[in-house]
Amino acid sequence: MTKLVVNGFDRDVEVDETTPLLWVLRDVLNLTGTKYGCGIGACGACTVLLDGTANRSCSVPLKEAAGRAITTIEGLSPDSSHPLQQAWIENQVPQCGFCQSGMLMAGAAALESAEGDGSKVAEALTNICICGTYQRIREALDQL
Amino acid sequence: MTDASSDASIGDPPSLPMLSRRHFLIAGAGGLTIGVAFLAGCESENEPAVLRKPKPSGKPVSRSTTTTVPADSTVVVNAWVRIANDNSVTLMYGGSEFGQGTMTGLAQILAEELRVPWESITVKQADATPGVSYLTGGSFAVRSQFGPLANAGAAAREMLVAAGADMLGVPVSQCIARAGKVLATVDGIERSTTYGELVTKAATLPVPQEPKLTDPSKYTVIGRSVPRVELPKKVNGSAVYGLDVRVPGMVFAAIKHAPVFGAWLEGTPPIPSGASAVVPIKALDARGAVARDSEYAVAVVASNTWLAMEGCRSLDARWNVLKSAPLDSDVLQAQAEQLMAAGVAVIAEPAASQIQATLDAATKSIDVTYSVPYLAHACMEVLNCTVDYRKTECEVWAPTQSASSVVGTVQRLTGLDAGAITVHTTFLGGGLGRKSEQDFIAAAVQVAMKIRKPVMLMYPREEDFGHDRYRPMALVNVKASLDGAAVTAWKYRTASTSILGQLGFSASGQLDSQAVEGATSLPYSLGIRQTEWVANPAGIPVGFWRSVGNSINAFAVECAIDELAAAAGIDPFDFRRGLLADDARATAVLEAADKLSAWRTSLASGHGWGVAYAESFGSLVCQVAEVSEVTDTSMRVNRVACVVDCGRAINPAAVEMQMQGGIAHGLSATLWGEMKFTNGAAAVTNFNNHRVLRLDEMPQVDVEIVTSGESLGGIGEPGVPPVAPAIANAYFSATGRRIRILPIFPQTSS
Ligand code: FES
Ligand code: FES
């Protein structure tokens, strides 16, 4: 059994410790906001925070996440009030939306370390968006 | 069609279902329900085969409901718009939402005609329902629904006004409908009654079949950039995509295809450790029947997706490779060249007179060949489908672009009546044409029938890349001659694989109109013109990729036009102006693009600009790109000016988003996109060797919408076709070298 702290809650999970965190979140804890895009750390759709830093959860084995504070999109804010969530709505960023949980989580971590400077966040966002929402992402970040 | 493509399963033909005259509006009570009714016996084959019987009451009915079930049981009724006595308005959405903003656009149309605040409309995804569900493709979602939905809204409004007049005791002519109320001035005092108070009465009135529609000059909701209705769910992780479906007791399966095209399973492999079952997957033939000896893939079932994928990796399957010569990019290229040189063509547009003599006699001419590659869709959400098969019933959840095709697929595999099949359309993490296909649905149904538990079947990303229905590769040759600024002859020959042919919808020797879309009916004056197509029977499975044939032909046409302009020594804008002089609508778009790209006259050295114009799906689009820092392996695309005339923008912000997105998508394909095949297998397997545009590479895209007021054009696809030629022409302007082969910067070697 592995003890996890997800969005502030203690969760015990009973799967092999080599299972990537992504699948523990999605299939065991039913936190499906975190997305699978590639499974090899190449797209960013699965980004979550571990102790505040962005990690691609498809490439984090469960045992490495044990005991650390895990934040998923569901826990970014209780009511979609995180400044990035608000800016995303304000600027109507998402299209299909599938990459956006990862974008927001990567952006949230970068925003924290950039002390609110949106242009620095843009530099840190290497996630893929097939719908091509990049221009609106940039506009949303510029308005922070 | 060869073996490799026979795992192609069938979808509806891309003829786009619209509400026909056989459909009529009908009302029901319990609030005012405007539904669509049609005679079951009149169904043509192309229409949704499903006839869901109205569910008996007592069930929670988020699906189609109606309270007016005519005695004549051959009439099928489906709810579409419902106004409840608490004033709430619900619109059942029969299409698929993958970011185009269709849900919002339709709510705007309904709000406009019904005269209610658009925010008061709740849009709900409808389950597959005849008359309500339709194929979301061909940039047709809003176009096909505008008329019928406007009619439904206007009909409901007229019924409510009639009921309101009755209640207020005044003639209908003295009443107006506004903001969800019927108002009238009675004895100098304004009185009003809400729709909610009127619905019960209104539901008993006859339904006007030809209600009076709002004059477009009076639109207040249509044409506004209202926020998209589904976005709040897309920023907090609560939007449910296909992969997010969770059903009690469900298990997870991953698919593993044969390692090469045209190989079949030999015996059922043992269950790998950590998994609970393996299920061989059979191909469907072109008629949708299960083909014999055709197990082209295996599904591994486990308690979570990771274990299922691990099971696929360690699977000990033996494959019977039927073909002696594996499909290989070099061989495919050589075969295509052979076809271009000597293949028998189907003539799409015959020349009016001797074209060769004109070409031969010209002093200035071009003879150029363009080549575009196979392309994967790479939707952000991999293919997946969840099925609960309960012997007498089957329930399906899928990110599908065509819910009614899914019903047909389930029927063919299970033999169940359509009425026993429920299909829920989830949000789609991208569709791009791929999710109108049925292969992933058919595979999931087969797994569920075997294991008798609710199961999600997903494609690991490697399988999604490796077993796509690729945008076909194509070669195009253009021979054209000039006399001054005039084009005197234009001979266009292309070779590509027919998508409709592979699906069994068009016979060999028949023209596949999609193979030449964007090459025929060109708006330009091109003198004597001939367009022909050679079918390429290559066995790579092909399919609909955002903008389909237009993505191929706009590249060749617009690059060739640019080459002619250069040969004539005329500015590319002026040259096109000359050729479009007879077309006022096209000229207006070109002129707007000229203004919007005024920056191009003052570019620094090393920078280049290129223009391209393309009409597709009823919309006219002109794009001007600026590039710089061109090297052998990279370049920067700094900006793209984009002008679009889609008749009228229902939601201008949505149009802008689709243009920006189409440009980003087209740009990735132009610069790097290519699927190669090595020894019968796809060479690109994941995003580490499939490069797509990133944030820091996104050009500044400025979009201007021209409102011509002409018939509505699509917006999901028309942004794509002009991108590649605009970039290629800009590359020429920066370097003096022509791009005739895509992608510009290949990432893989075959
Ligand atoms: S799924 Fe983890 S980076 Fe793509
Ligand atoms: S919004 Fe669709 S992939 Fe980013």
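The values are calculated or read from the model by the stated rules, or taken from the named source; none is laboratory data. Note that the structure is predicted; figures quoted are calculated from it, not measured. As a convention, Cβ positions derive from the backbone with ideal geometry for all residues, glycine included, and neighbour counts pool all protein chains shown. Only protein heavy atoms, including side chains, enter the accessible area calculation; ligands, DNA and RNA are left aside. Shrake-Rupley method; radii C 1.70, N 1.55, O 1.52, S 1.80 Å.
Label-point separation (nm) for B:Thr392 and B:Asn688, each offset 7 Å from Cα along Cα-to-Cβ?
5.2 nm
Tell me, what does the Kirkwood hydrodynamic radius of chain B come to in angstroms if you use every pair of distinct C-alpha atoms? Before the final figure, lay out the partial values.
On the way: mean 1/r = 0.0364 Å⁻¹.
About 27.5 Å, per the Kirkwood formula over Cα pairs.
With heavy atoms of protein chains only and a 1.4 Å probe, what residues of the range B:235-259 have at least 10 Å² less accessible area in the full set of chains than alone?
By number: B:Val235, B:Asn236, B:Gly237, B:Tyr241, B:Leu243, B:Asp244, B:Arg246, B:Phe252.
With a 1.4 Å probe and every protein chain left in place, work out the accessible area per residue of the range A:83-142 in Å², rounded to a whole number.
Working: 1860 Å² over 60 residues.
That works out to 31 Å² per residue.
Could you order the peptides B:349-362, B:369-382 from most to least packed, using the average number of other C-beta atoms within 10 Å per residue?
Details: B:349-362: 14.4, B:369-382: 24.4.
Top of the packing list down: B:369-382, B:349-362.
How high is the FRET efficiency between A:Ser113 and A:Asn30 when r is their beta carbon distance and R₀ equals 35 Å, given to the nearest 0.05?
On the way: r = 30 Å, r/R0 = 0.86.
My answer for the efficiency is 0.70.
Taking only protein heavy atoms and a 1.4 Å probe, what accessible area per residue, in Å², does the range A:2-76 have with all protein chains in place?
Details: 2700 Å² over 75 residues.
For the range A:2-76, the solvent-accessible area averages 36 Å² per residue.
Based on the Cα atoms of the range B:633-750, what semi-axes does the equivalent ellipsoid have, where each is the square root of 5 times one gyration tensor eigenvalue, given in whole Å with the largest first? Show your work: numbers first, answer last.
Working: eigenvalues 172, 58, 33 Å².
In descending order, the three semi-axes are 29, 17, 13 Å.
Using a 1.4 Å probe on protein heavy atoms only, how many Å² of accessible area do B and A hide from each other, summed over both chains and rounded to 100?
Numbers: alone 28430 and 7460 Å², together 31640 Å².
Looking at B and A, the buried total is near 4200 Å².
What nm value, rounded to one decimal, do you get for the distance between B:Ala507 and B:Asp187 when each label is placed 7 Å out toward the C-beta?
With each label point 7 Å from Cα toward Cβ, the separation is 7.7 nm.
Which translational diffusion coefficient, to the nearest whole µm²/s, is obtained for chain A from the Stokes-Einstein equation, given a Kirkwood hydrodynamic radius over C-alpha pairs, 10 °C and 1.306 mPa s?
Working: Rh = 15.1 Å.
In µm²/s, the coefficient rounds to 105.
Ignoring ligands, DNA and RNA, what percent of the accessible area of the protein assembly as shown is carbon or sulfur (1.4 Å)? Kindly include the intermediate steps, with their values, before the conclusion.
Values: 16000 of 31640 Å².
Percent of accessible area from carbon and sulfur atoms in the protein assembly as shown: 51.
For the range A:98-123, list whatever residues lose no less than 30 Å² of accessible surface once every protein chain is in place, relative to that chain by itself, with the probe at 1.4 Å.
A:Phe98
Between B:Asp360 and B:Gln335, what is the FRET efficiency for a Förster distance of 25 Å, r being their Cβ-Cβ separation, to the nearest 0.05? Show your work: numbers first, answer last.
On the way: r = 29 Å, r/R0 = 1.17.
Approximately 0.30, to the nearest 0.05.
Using +1 on the beta carbon of Lys and Arg, -1 on that of Asp and Glu, and nothing else charged, what's the dipole of the range A:2-76 about the Cα centre, debye to 20?
Values: 7 positive and 9 negative charges, 48 e Å.
Here the range A:2-76 has a charge dipole of around 240 debye.
Counting only other chains, what is the mean number of Cβ atoms within 10 angstrom of the Cβ of each residue in peptide B:654-667?
Partner Cβ neighbours, averaged per residue: 4.
Using the heavy atoms of the protein chains and a 1.4 angstrom probe, tell me the accessible area per residue for chain B in square angstrom. Write out the running numbers ahead of the final one.
Values: 26370 Å² over 750 residues.
About 35 Å² of surface per residue is accessible.
Among A:124-134, B:661-671, how do they line up from the highest to the lowest mean number of other beta-carbon atoms within 10 Å?
Values: A:124-134: 24.4, B:661-671: 26.9.
Going by the mean number of other Cβ atoms within 10 Å, highest first, we get B:661-671, A:124-134.
If you put +1 on each Lys and Arg Cβ and -1 on each Asp and Glu Cβ, how big is the dipole of the protein assembly as shown around its Cα centre, in Debye rounded to 20? Write down the numbers at each step before the final one.
Working: 71 positive and 88 negative charges, 261 e Å.
Roughly 1260 debye, rounded to the nearest 20.
Take every DSSP beta bridge whose two residues both sit in the protein assembly as shown, then give the antiparallel share in percent to the nearest 5. Each step should come with its number before you reach the end.
Working: 106 of 139 bridges.
Around 75 percent antiparallel, to the nearest 5.
Quick check: net charge around B:Ser634, other residues with Cβ under 14 Å of its Cβ, Lys/Arg +1 and Asp/Glu -1? Mind showing how you got there, number by number?
Working: positive: B:Arg636, B:Arg691, B:Arg694; negative: B:Glu629, B:Asp632, B:Asp696, B:Glu697.
Net local charge, B:Ser634 excluded: -1.
Packing-wise, with mean Cβ within 10 Å as the measure, how do B:262-274, B:464-476 rank, highest first? Numbers along the way, then the final one.
Details: B:262-274: 16.2, B:464-476: 25.2.
Result, highest mean Cβ count within 10 Å first: B:464-476, B:262-274.
For peptide B:296-304, what's the mean number of Cβ atoms from other chains within 10 Å of each residue's Cβ?
On the way: counts 0, 0, 0, 0, 0, 0, 1, 3, 8.
That average works out to 1.
If you project the alpha carbons of the range A:83-142 onto the principal axes, what extent comes out on each, in Å, largest first?
That gives 29, 21, 16 Å along the principal axes, largest extent first.
Taking Cα pairs under 8 Å and at least six residues apart, what relative contact order does chain B come out at, in percent? All intermediate terms of the calculation are to be shown ahead of the outcome.
Details: 1800 pairs, mean separation 107.9, N = 750.
Answer for chain B is 14 percent.
Residue farthest toward the positive end of the dipole of the protein assembly as shown, with Cβ of Lys/Arg at +1 and Asp/Glu at -1: which of B:Ala489, B:Ala150, B:Val548?
After comparing all options, I get B:Ala150.
According to the square roots a ≥ b ≥ c of the eigenvalues of the Cα gyration tensor, what is the shape class of the protein assembly as shown, taking rounded for a/c under 1.5, prolate for a/b larger than b/c otherwise, and oblate for the remainder? Please list the in-between numbers first.
On the way: a/c = 1.36, a/b = 1.10, b/c = 1.24.
Cα axes put the protein assembly as shown in the rounded bin.
Charges only on Cβ, +1 for Lys and Arg, -1 for Asp and Glu: so what's the dipole of chain A about the Cα centre, in debye to the nearest 20?
300 debye
Mean 1/r over all different Cα pairs, inverted: what Kirkwood radius does the range B:267-418 give, in Å? Display every interim value, and only then the final one.
Details: mean 1/r = 0.0472 Å⁻¹.
It works out to 21.2 Å.
Apply 1/(1 + (r/R0)^6) to the Cβ-Cβ distance of B:Asp582 and B:Asp632, taking R0 = 56 Å, and write down the FRET efficiency to the nearest 0.05. Walk me through the numbers before you get to the answer.
Values: r = 42 Å, r/R0 = 0.75.
Computed FRET efficiency for B:Asp582 and B:Asp632 comes out at 0.85.
Simple spin-label model, 7 Å along Cα-to-Cβ: B:Tyr219 to B:Ser711 in nm?
That separation, rounded to one decimal, is 1.7 nm.
Take every residue in peptide A:22-31, count the Cβ atoms of other chains within 10 Å of its Cβ, and give the average of those counts.
Values: counts 2, 8, 2, 0, 7, 11, 3, 0, 2, 2.
Per residue, the number of nearby Cβ atoms from other chains is 4 on average.
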